[in-house]
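Reading through the C-alpha cells given below for one structure.
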Amino acid sequence: MAALSALAVAVLVAIIVYSMPVGQALDAGVEGAAFGLFPIMWIVVNAIWIYNMTRESGHFAVLRESFARVSGDQRVQAILIAFCFGALMEALAGFGTPVAICAVMLIALGFSPIKAASVALVSNTAPVAFGAIAVPIVTLAEVSGLPQDDLGAMVGRQTPLLALVVPLILVGMVDGMRGVRQTWPAALVAGFAFAVGQFVCSNYISVELTDIVASLLSAGALVAFLQVWQPGELVGTRPTPVMAGGAVDEPPRTPSHGGSVLVAYAPYLIIIVVFALAQISWLPFKDFLDNRTHEFSWPGLDVLNGKGEAPLSLTFKLNWANAAGTLLLLSGLLAMPVLRIGAARSARIWWQTVVELRWAIVTVATVLAIAYVMNLSGQTITIGQWLAGAGGAFAFFSGLLGWFGVAVTGSDTSSNSLFGALQVAAAQKAHLSPTLMAAANSSGGVLGKMISPQNLAIGAAAVGMAGQEGDVFRRVVGWSIVLVLVMCVLVYLQSTSVLSWMVP
C-alpha cells in the first residue's frame, strides 16, 4: 500500500510539476515494474526455490550441522554465511541474490526471521561496489568517462573500511555487546582478510575479480582461525525448520555422513560453478549467453537528458540467457538429480515459492516503477543537482548522493548510471578530484542498499515477513545512516591534504 501510494504521488508530480505527458509517465512506471519482475524477482524466486528444494529433501539439516561443526556459535555463523558467503554471491550475481539466499540460510540455522533478514541486509554492503563481476564500476566508467582501473582503485581505498567494521556490527546485531566482546577476534580476522583482498585485487590485479578474491580469502582465513580458536561461550538456539514465506514444517531427516554433506552443499557449489563459467570472458559460455540478449527501446517513451541524449534506462535489456535468475534456474535444474527430486515435485515447489512471494513480487515491481517515474521525469536529478550546488562541501555530500540513488533504485549500478556524470561535473565545478567524487558515489551508494524498499521486500519475503518491511527497516536504518556518514567523512578527508595521498 505504501509503494502504490508513493507511485501515485510520483506520477502526479511528474505530470503536474515536470510536465511529463500522462502516457509517458505511465509508460515509465510500466517499464520500471517490468524491470522489477525481470531480472529482480526472477532472481529471488529461483534463489528461494533452490533453498526450498534443499530443505524439502532433508539436506538442509545436514548443511546446518556442517556449519555447526565449523562453529556452533550463531555469531560466527552470521559472519561466515552473511558476510563471507554473501559476498561471494554478490560477486557472482548481485541484484538481491545474496540477501535472499543468506536470509533463508540463517533462518534455517535458528535465527529469528527479523534477525536473519536484518543481518543479511547489513552484511550486503562492503562487496556491493564490485558486485556482479564489478558491473557498478564498469557502468560508472562508461557514464563518467573516467578510466575504469582508476575508479576501481579509488573505491578499493574506501570500501575496505566497511569490511573492517561490518563483521563487528553483525555479531553485535546477533548478541549485543556481549557478542562483540566474545567474538571480536573472529570478526576482525574475517574483516581484515576481506579488506586486504579487496584493496590488493582492486588496485593491482583485477577490478572484476575483486569480490571473488576477497570473499574466498575472508572465508578461508576465518575457517582456518576457527581451527585454533572458538568463543568461550557458544550462543545458539534450536533451529526451527522454516520455509521461505514462513511455513513451518519438519523436513525428512537425512543421515549426516560424508556423502550427504557433499550433496547438501552441492546446490551452492553448482551455483558458484555456473556463475563463474558464465562470467569468465575467455571461455565460450559468456559470449554465447551474451549473444542471446535482446535490447530494445521501451515503446512509447521519448525522453532526452540535458545533453539531448536518451537515458540508458530507456533501453530495456532482455538478457534472458545470462540473467542471474536464469543461471539460478539452471543451477536448480542441475541440482535436482543430486538432491533426488523429480521434475513434478520440483515444479510444485517452484510454484509454491511464487505463491508465497506474491505480495513481495507486487511490492518490488511497484518500487521499481516509482524509481523509473522519478528518474525519467527529472525528479531524482533535481535532488542531485541541488546537492551538487554545495561547492567545496560537495566532497562531503557526494557519498550521500550515491546513498540516495541506491536507496531509491536498489542498485549501485543504477545509482552510478544516474549520478556518475553529475558527480564529475560537480567535482570539476568545485575544483575537486573527479575520480574521488565518482568513486564516492559508488562507495556511499553501497550503504543505501540495506534501506532500499526493493531489498527490504526481498529480505522480508525470504523469511516469511512480507508486509512487515517496516520492522526490518527500523532494525537497519540506524546502521545505514551511521556508516554513510563515516564514509562521507572519509571522502571529505580524502579531498583535503589530510588523506589526499589516497587518491590515485
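Rule-based calculations on the coordinates, nothing more; no lab input. Bear in mind the structure is a predicted one, so any value in this text is a computation, not a measurement. For neighbour counting, all protein chains shown are included, and Cβ atoms are generated from backbone atoms with ideal geometry for every residue, glycine included.
Computed from Cα positions, the angle between helix 113-123 and the longest principal axis of the chain comes to roughly 50 degrees. The alpha carbon gyration tensor of segment 44-130 gives principal lengths a ≥ b ≥ c with a/c of 1.5 or higher and a/b no greater than b/c, which makes the shape oblate. Report summary: the helix-based calculation at 222 nm, which adds -39500 (n - 2.57) for every DSSP H run with n ≥ 4 and divides by the residues of the chain, gives -22000 deg cm²/dmol. Of 429, 449, the sequence from fewest to most neighbouring Cβ atoms within 10 angstrom is 429, 449.
To one decimal place, what orientation-averaged projected area in nm² is obtained for the convex hull of the Cα set of segment 386-471? Mind showing how you got there, number by number?
On the way: hull surface 22.2 nm².
Convex hull of Cα atoms, orientation-averaged projection: 5.5 nm².
If you wrap a convex hull around the C-alpha atoms of segment 1-105 and split its volume per residue, what is the figure in Å³? The partial results should precede the final answer.
Values: hull volume 14.6 nm³, N = 105.
Expressed per residue, the convex hull around the Cα atoms of segment 1-105 is 139 Å³.
Centroid-to-centroid, using Cα positions, segment 300-360 and segment 102-147 are 18 Å apart.
More than 37 Å apart: what percent of Cα pairs in the chain qualify? When every Cα pair of the chain is considered, 24 percent fall beyond 37 Å.
Which of rounded, prolate, oblate describes segment 86-208, given a ≥ b ≥ c as roots of the alpha-carbon gyration tensor eigenvalues and a/c under 1.5 marking rounded, otherwise prolate only if a/b is larger than b/c? Mind dumping the intermediate values first?
Details: a/c = 2.88, a/b = 1.65, b/c = 1.75.
Because a/c hits 1.5 or more and a/b fails to exceed b/c, segment 86-208 counts as oblate.
Would you please state the base-10 log of I(q)/I(0) at q = 0.14, 0.17 1/Å for segment 12-67, with intensities from the Debye formula using one equal scatterer on every alpha carbon? The Cα Debye sum returns log10 ratios of -0.58, -0.67.
Counting other Cβ atoms within 10 Å as a rough exposure proxy, the listed residues 139, 496, 97, 413 run 496, 139, 413, 97 from fewest neighbours to most. Between the Cα long axis of helix 469-494 and the first principal axis of the chain there is an angle of about 60°, rounded to the nearest 10.
Here segment 404-454 has an Rg and Dmax of 11.0, 36 Å, counting Cα atoms alone.
Compared with the dominant Cα axis of the chain, that is its longest principal axis, helix 97-108 is turned about 30°. Sorted fewest first by neighbouring Cβ atoms within 10 angstrom, 487, 502, 53 come out as 502, 53, 487.
With the radius of gyration and the Kirkwood radius both derived from the Cα set of segment 334-375, what is their ratio Rg to Rh?
Details: Rg = 16.0 Å, Rh = 12.5 Å.
Using only Cα positions, Rg/Rh for segment 334-375 is 1.28.
Compared with the rule-of-thumb size 2.2 N^0.38 Å for a compact globular protein, segment 307-376 has a Cα radius of gyration ratio of 1.57.
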